[in-house]
Amino acid sequence: MNYNVNEKGYYGEFGGAYIPEMLYPNVEELRINYLRIMQLPSFKKDFDSLLKEYVGRPTPLYLAERFSAKYNTKIYLKREDLCHTGAHKVNNTVGQILMAKHLKKTRIIAETGAGQHGVATATVCALMGIECVVYMGEVDIKRQAPNVARMKMLGATVVPATSGSKTLKDATNEAIRDWINNPINTHYIIGSVVGPHPYPDMVARFQSVISAEIKQQLLEKEQKESPDFVVACVGGGSNAAGAYYHYLEDENVGIIAVEAAGKGIQSGESAATSALGKTGVIHGSKTLLMQTKDGQITEPYSISAGLDYPGVGPMHAHLFTSGRGEFLSVTDADAMEAGLKLSQLEGIIPAIETSHAFAIFETRKFKPDDIVVVNLSGRGDKDLQTYIEYFNL
Ligand SMILES: *Cc1c(COP(=O)(O)O)cnc(C)c1O
C-alpha cells in the first residue's frame, strides 16, 4: 500500500484541493512549481545551510536512560525542542520562505492559534527582510500575549480575527480571504500538514528532515536505521509526518500517533479526531474532522493549544483508516503528569503537546528490547504558566 501522496494530491481517499475558485490560481501556481523548486540545487543548498546554521540541525537523538528504565524499554528522544524558536515548526517556515522567494513573492501571510507558527513565520520573515502579516483570533491574542509580543518584536503585523469563535479556524478564514485579495505578491505559509494539496505534501517534505536524521543517528547508535516504533503527538500532524516520513513504507516500523483527548473522549471537550471524526472538508482538504450530524465543525478542546484542532492532515486520516498507524489519545490530566515525569527523570521540560506523546507509556507497553523513538516536538517554556497553575508550582 502507498502511504504517501499520489500525483492527484490524495492519500487514499483523503486530501485534494477543495477550494473556492478565487483561490485556484494561487494554489495552482504552488502546485505546479513546488517539486521543481525543492529539487533545485540552489534551493537544497540554501535549505540545508539554514537548517544547519540557523535552526541548529541536526538535533540530537538522545537515549533517555532514566525514562527508559521506568518503562522497561529503550526510548530515544528526537530533540526538536532544541530547534531555534523551540519547536519543529521552524523547519517548515524556513522551507516555505525559500519557496516564496523562488516564486518572487514579497509578502507573507500566516494563521496562528497559540502563536507558535506565527512566531516561526515572523522569525523567517525577519531573517529574509520580507513583510509579514499574521492572522490570529481575538480570543487567542488575549490568551497568548507573550507570543503576540514576540511576533511584534520580530516586525510582524498581527491582525485580530473577530468573526465566529475568534480562534484558529477564524484566523485561517481571514488568511484565506487576504490571499484571495493579494494573489500576485503574497505567499501563504500554512503551519501544518493541512490545507489544500500541495500543502500537506510540501510541509511533510520540509519536516521529513526529522526522520532522515533519525535514520542516520540510529545507524550510528544501534547499527540499524529503523526503530521498532516512532511515536509523535498529532495536532494537524506536521511533527508526526516528519518523524514518520522515511518509515511510512517500512511496515516493520510501528507508527504511533497520539491525539489530545482533552477532558475525555466522551466528555464533549476533546480533540481526538480519529476517535470522534468523520470524513469531511476543512480548510481545503478532505479528511477526518469532528463535526455535528449535519456537518457543522465541532469546537475542539485540549489543554494544549497546538493540539486544539478539529481535524488531522489527510496523511494521518489515511494512516488511521488503513490501519498503518496506531492512534491513541491522552487526556489533559495524563499529559500534564507525563510532562512532569519527563522533567524530573530527564531534566527536559516538554511542550504540553509533546507531553501527550510521553503519557502513552503508562498504558501502552513495549518489550524490553524494543527501540522506541519519541519525537520531542517542542520545549515547555511557552507552557510554564499552564504548568504553574496546574501543579501549584
Ligand atoms: C504546533 C505544535 C504541535 C502540533 O502541530 P503538528 O502540526 O501536529 O506538529 C506539536 N508540538 C508542538 C511543540 C507545537 O508547537
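Checking each residue in segment 136-163 for being in a strand (DSSP E or B) and within 16 Å of the ligand (Cβ to nearest atom) picks out Met136, Gly137. The set of residues from segment 300-341 being surrounded by fewer than 24 Cβ atoms within 10 Å (Cβ to Cβ), farther than 27 Å from Gly9 by Cα and at pLDDT below 95 comprises Tyr301, Ile303.
Condition check ((1) open to solvent by 10 Å² or more (accessible area, probe 1.4 Å); (2) among the small types (Gly, Ala, Ser); (3) within 19 Å of the chain's Cα centre (by Cα)) across all residues:
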| residue | (1), (2), (3) |
| --- | --- |
| Ala243 | no, yes, yes |
| Leu248 | no, no, yes |
| Ile256 | no, no, yes |
| Ile265 | yes, no, no |
| Gly268 | yes, yes, no |
| Ser274 | yes, yes, yes |
| Lys286 | yes, no, yes |
| Gln291 | yes, no, no |
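The residues in segment 78-116 that are within 16 Å of the ligand (Cβ to nearest atom), open to solvent by less than 10 Å² (accessible area, probe 1.4 Å) and assigned to a helix (DSSP H, G or I) can be counted, and the count is 10. Restricted to segment 165-271, the set of helices (runs of 4 or more DSSP H) holding at least 1 residues that are closer than 28 Å to Val133 by Cβ and of a type in the set (Ser, Thr, Tyr) comprises 168-181, 199-207, 238-244.
Answer yes if at least one residue in segment 262-272 is more than 14 Å from the ligand (Cβ to nearest atom), touching a Pro at 6+ places or on another chain (Cβ under 9 Å) and among the small types (Gly, Ala, Ser), and no otherwise. Yes, because at least one residue in segment 262-272 is more than 14 Å from the ligand (Cβ to nearest atom), touching a Pro at 6+ places or on another chain (Cβ under 9 Å) and among the small types (Gly, Ala, Ser). If you go through segment 139-157 and keep only what is over 21 Å from the mean Cα position of the chain (by Cα) and either among the acidic types (Asp, Glu) or modelled with pLDDT of 95 or more (or both), you end up with Ala149, Lys152, Met153, Leu154, Gly155, Ala156, Thr157.
On the stretch given as segment 9-24, residues that are open to solvent by 80 Å² or more (accessible area, probe 1.4 Å) and either under 21 Å from Arg324 (Cα atoms) or assigned to a helix (DSSP H, G or I) (or both) total 4.
Which residues, taken from segment 303-332, are more than 9 Å from the ligand (Cβ to nearest atom), more than 13 Å from Ala271 (Cα to Cα) and outside any strand (DSSP E or B)? The answer is Pro314, Met315, Ala317, His318, Leu319, Phe320, Thr321, Ser322, Gly323, Arg324. In this structure, Tyr62 does not satisfy being crowded, with 22+ Cβ neighbours inside 10 Å, outside the structural domain of Arg150 (by TED's automatic domain parsing) and out of contact with any Gly (no Cβ under 6 Å at 6 or more places or on another chain). Considering segment 355-379, the residues that are surrounded by fewer than 24 Cβ atoms within 10 Å (Cβ to Cβ) and assigned to a loop (DSSP other than H, G, I, E, B) include one that is nearest to the ligand (Cβ to nearest atom), namely Arg364. Checked against the criterion of being under 22 Å from Tyr245 (Cα atoms) and β-branched (Val, Ile, Thr), the candidates Thr363, Thr331, Thr292, Thr287 yield just one match: Thr287.
Checking the stated criteria, Val230 turns out to be closer than 16 Å to Gly325 by Cβ, in contact (Cβ under 8 Å) with a residue 40 or more places away in the chain and open to solvent by less than 10 Å² (accessible area, probe 1.4 Å). Just to be sure I understand, how many residues within segment 198-220 are open to solvent by less than 10 Å² (accessible area, probe 1.4 Å), under 16 Å from Asn375 (Cα atoms) and more than 16 Å from the ligand (Cβ to nearest atom)? Qualifying residue count for the region: 1.
The values are calculated or read from the model by the stated rules, or taken from the named source; none is laboratory data. Keep in mind the model is a prediction, meaning the values are calculated, not measured. Counting neighbours? That spans all protein chains shown, and the Cβs are built from the backbone with ideal geometry, glycine included. SASA here: full protein model, heavy atoms, side chains in, ligands and nucleic acids out. Shrake-Rupley method; radii C 1.70, N 1.55, O 1.52, S 1.80 Å.
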